[in-house]
Amino acid sequence: MTTTTLHKAAAVVTADERPHRRRRGLAPGKRLPAARLAGPLLVLALWAVASAAEALDPAAIPAPWTVVETGAQLWTDGTLITDILTSLQRAASGFAIGLTAGVVLALASGLTRTGEALIDGTVNLNRAIPTLGLIPLFILWLGIGETFKIAIIAIVVYIPIYLNTHAALSGIDNRFVELAEVQGLSKLRFIREIVIPGALPGFFVGLRLGVTGSWLGLVVLEQINATSGLGYMMFQATNYGQSDVILVGLVVYGIFGLVSDSTVRLIERRVLSWRRTLSS
């Protein structure tokens, strides 16, 4: 009896001392620093190699160093900085209006049935109409100055913010609502402690789409009766066949888009640090 017990104990100890084979993880793995720059840097490297090998027509696609020289010259002349500041002012004004409208409409539609009946269908109808197709009508209403440009950018921004925030509000588990009712939470505490945390992931998705949309709309709008801005600079360069100037504008737009999207991602990670996700 004692011998058998000793053999069993030894077997258990031996089994415990065996190195366990680690299962391969299913998660993407540890986040690499500045990993999102790898793609743009690869494109830049391929562009430089193709230009050095004379595989690209310099008149159509100038070399990267030519674009850098042109950008430095435009910056020194003061042309580029003026156009950048004008574009930033337009994009910021339209984005601020669109952000406010999207959040307010999403809250009104997501928290009340009356608001949903009045707002949701109207916004989806607006979404079905191409926003850039509204340009002629807005020119008739608001004139051809700055106001209509800002209004179009605001529409481009508010639609994705509204849709994603409203979807997040609608997707909040009803059990949390019942729990809040049992706990006797007030309407204000219910919104602060349940609604806002539950809607934040969807809001940030819409915010990223809205930021990108503001730059996309700006490219088109600054080529309509504008006297300054990056789009105007590119439009003028088209008339004179200056492909290097056009690429300078595109590079600046790309940098602004990448920086703004990365900023939103950083804020999202900080605000939603309590979540455990694959991207954490």
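I need the phi-derived Karplus couplings for region 253-261: 6.51 cos²θ - 1.76 cosθ + 1.60, θ = phi - 60°, integer Hz, Gly and Pro marked x.
Couplings: 4, x, 5, 4, x, 5, 5, 5, 5 Hz.
Angle check, please: helix 230-239 long axis (alpha carbons) against the longest principal axis of the chain (alpha carbons), in degrees 0 to 90, nearest 10.
50
If one computes the Cα centroid of region 222-280 and of region 131-153, what distance in Å separates the two points?
Rounded to whole Å, the Cα centres lie 21 Å apart.
For the chain, what does -39500 (n - 2.57) per DSSP helix run (n ≥ 4), summed and divided by total residues, give at 222 nm, in deg cm²/dmol to the nearest 500?
After summing the helix terms and dividing by the residues of the chain, the value is -23500 deg cm²/dmol.
Rounding to the nearest 10 and keeping the result within 0 to 90°, find how far the Cα-based axis of helix 196-221 lies from the longest principal axis of the chain.
That works out to roughly 20 degrees.
Please work out the ratio of the alpha-carbon Rg of region 96-145 to 2.2 N^0.38 Å and round it to two decimals.
Region 96-145 yields a ratio of 1.37.
Take region 29-137, drop everything but the C-alpha atoms, weight them equally and run the Debye formula without solvent; then report log10 I(q)/I(0) at 0.11, 0.22 Å⁻¹ to two decimals.
Taking Cα atoms of region 29-137 as identical point scatterers yields -0.76, -1.13.
Averaged over all directions, how much area does the convex hull of the C-alpha atoms of the chain cover when projected, in nm²? Write out the running numbers ahead of the final one.
Numbers: hull surface 105.5 nm².
Convex hull of Cα atoms, orientation-averaged projection: 26.4 nm².
Rank these residues by their accessible area, most exposed first, probe 1.4 Å: ILE81, ILE119, ILE196.
Heavy-atom accessible area, descending, gives ILE196, ILE81, ILE119.
Accessible surface of THR86 in the full protein assembly, 1.4 angstrom probe, to the nearest 10 Å²?
30
With all protein chains present and a 1.4 Å probe, how do TRP215, TRP65 order by accessible area, largest first? Can you show the working numbers first?
Details: TRP215 30, TRP65 125 Å².
Heavy-atom accessible area, descending, gives TRP65, TRP215.
The values are calculated or read from the model by the stated rules, or taken from the named source; none is laboratory data. Source: prediction; values computed, not measured. Surface areas here come from the heavy atoms of the whole protein model, side chains and all, with no ligands, DNA or RNA. Shrake-Rupley method; radii C 1.70, N 1.55, O 1.52, S 1.80 Å.
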